[in-house]
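The values are calculated or read from the model by the stated rules, or taken from the named source; none is laboratory data. Just so you know, these numbers come straight off a predicted model, no measurement behind them. When we count neighbours, we look across all protein chains shown, and the Cβ atoms used for this are built from the backbone with ideal geometry, even at glycine. Just so you know, the surface numbers come from the protein's heavy atoms only, side chains and all, with ligands and any DNA or RNA stripped out. Shrake-Rupley method; radii C 1.70, N 1.55, O 1.52, S 1.80 Å.
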Amino acid sequence: MAALLNRVGWATRPVLPVVQIWDLDARRWVRALRRSPVKVVFPSGQVVERKPSPGKQPRKAAAEASPREQRLKQPFQVPPSQTPSTWEESGLRYDKAFPGDKRLSSVMTIVKSRPFREKQGKILLEGRRLIADALKAGAVPKVFFFSRLDYIKELPIEKLKGVGLIKVKFEDIKDWSDLVTPQGIMGIFAKPDHVKMTYPETQLRHTLPLLLICDNLRDPGNLGTILRSAAGAGCSKVLLTKGCVDPWEPKVLRAGMGAHFQVPIINNLDWEAVPNYLPTNTRVFVADNCGLYAQAQAQMSNKASDHGWICDRRLLKFHKYEEEEEDLEDGACEGWLPELEVQSYDSDWTEAPAAVVVGGETHGLSLESLQLAESTRGGRLLIPIVPGVDSLNSAMAASILLFEGKRQLRVRAEHLSRDRSYH
């Protein structure tokens, strides 16, 4: 029996130490997981040293230092992937728009409502290039809507301070945009003031004593193209009388391709105020793009409606230009129709500062434009066209006259420089 007990005790004796050894190893592993090892020894004998993280201090040193000293000594550390970029370091922040955000409804209101744009003094610009041109010229941004943060980071940081930045879905921008391929960024700007704008130096160096006056232009595409031609020809400024389409309408901006920020634009002018924006001794010329055939037809009739380049506003109540003029009785038009000398568009008409008036295709030139041309000793610039053709596109006629004026001024400058070299 004793022998049996001895054998059972010998058999059961090792059980307790095994349990204790396993429990001790488990505790050691738990403590090891909580530690930051300095060296790691692999079973193969390879030893890998691990450097302590820069923000941690040895336990003894940390215990000796006070909590305040520890906070002062330890710099703020962020993971490399979250290191602030230059744009973020400037303190700029953006919001994400949610469905039903009221800030988004103002975009479509500005786009569709000219009275709202004029009352609030705000315009909408779309596209990275147009927005960049506006910022260079000194336009003041209010809010930017963008679908990708990269589009905002492309803009000058100093121009974005104090500006609302709202990230929206690209689908929302597609709904607002009139472009076939939206560029993912739109901005609401304060309506630019031509006095406060900073136009490109190259544009200022090539500015000519040549002005453009738009009279009753209604088509956004035509006006945008005309502004682009005016900037390309080097016009000193563009004047828009009442009755023209809003130059800050999105379709005009798109057709202008940045011309709005290269040449001063003064719009919504009464004809009485137009002479105040003309240089001294400026001669005003009106564009006659009807041709000799239309002139002959007009001379055979005494009806004002047959004069395709005339629109008598005295016969139109409340400036409703869509209404047709009533036929005047024979001789009724005598006395109020100014007599202007007709000259070919390629004859010399740029001796003094010149202003060219271009009318809309539907309603033509106004009576006020003819009176202004007569008072400044100007005339009618005739662009000859083939008989049977109604008239040229107003944007095409404006481009022909502006670049012809540019050519005449360049030739005159070359003659003057040649004469000075002889003397």
key: Extreme residue, surrounded by the most Cβ atoms within 10 Å (Cβ to Cβ), among residues of region 209-243 that are under 26 Å from Gln371 (Cβ atoms) and of a type in the set (Lys, Arg)   = Lys237
Selection from region 188-204 of residues that are over 15 Å from Trp248 (Cβ atoms) and free of Cβ contacts under 8 Å to residues at least 24 places away in the same chain = Val195, Glu201, Thr202, Leu204
inquiry  = Can you tell me which residue is nearest to Tyr277 (Cα to Cα) among those in region 342-354 that are in contact with a Phe, Trp or Tyr (Cβ under 7 Å, 6 or more places away or on another chain) and buried (at least 19 other Cβ atoms within 10 Å of the Cβ)?
reply    = Ala354
task = Looking for whichever is open to solvent by 30 Å² or more (accessible area, probe 1.4 Å), in a loop (DSSP other than H, G, I, E, B) and in contact (Cβ under 8 Å) with a residue 40 or more places away in the chain here; the options are Asp172, Asp178. Which one fits?
result = Asp178
request  = Taking Leu372 as meeting all but one of (1) surrounded by fewer than 19 Cβ atoms within 10 Å (Cβ to Cβ); (2) of a type outside the set (Ser, Thr, Tyr); (3) assigned to a helix (DSSP H, G or I), write down the number of the exception.
outcome  = (1)
query = Looking at (1) at pLDDT 90 or above; (2) among the hydroxyl-bearing types (Ser, Thr, Tyr); (3) in a loop (DSSP other than H, G, I, E, B), which is the one condition that is false for Thr362?
reply = (1)
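Matching residues to (1) over 19 Å from Leu210 (Cα atoms); (2) in contact with a Ser or Thr (Cβ under 8 Å, 6 or more places away or on another chain):
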site	(1), (2)
Glu341	yes, no
Asp346	no, no
Ala354	no, yes
His363	yes, no
Leu367	yes, no
Glu374	no, no
Ile383	no, no
Leu392	yes, no
Leu402	no, yes
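Let me confirm something: among Leu409, Leu316, which residue is open to solvent by less than 70 Å² (accessible area, probe 1.4 Å), on the phi < 0 side of the Ramachandran plot and either at pLDDT 75 or above or not hydrophobic (A, V, I, L, M, F, W, C) (or both)? Spell out the reasoning first.
Working: Leu316 fails: either at pLDDT 75 or above or not hydrophobic (A, V, I, L, M, F, W, C) (or both).
None of the others qualify; the one that does is Leu409.
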ask   = Out of all the residues in region 181-208, which are touching a Lys or Arg at 6+ places or on another chain (Cβ under 8 Å), open to solvent by less than 80 Å² (accessible area, probe 1.4 Å) and either farther than 21 Å from Gly164 by Cβ or among the acidic types (Asp, Glu) (or both)?
value = His194, Pro200, Leu208
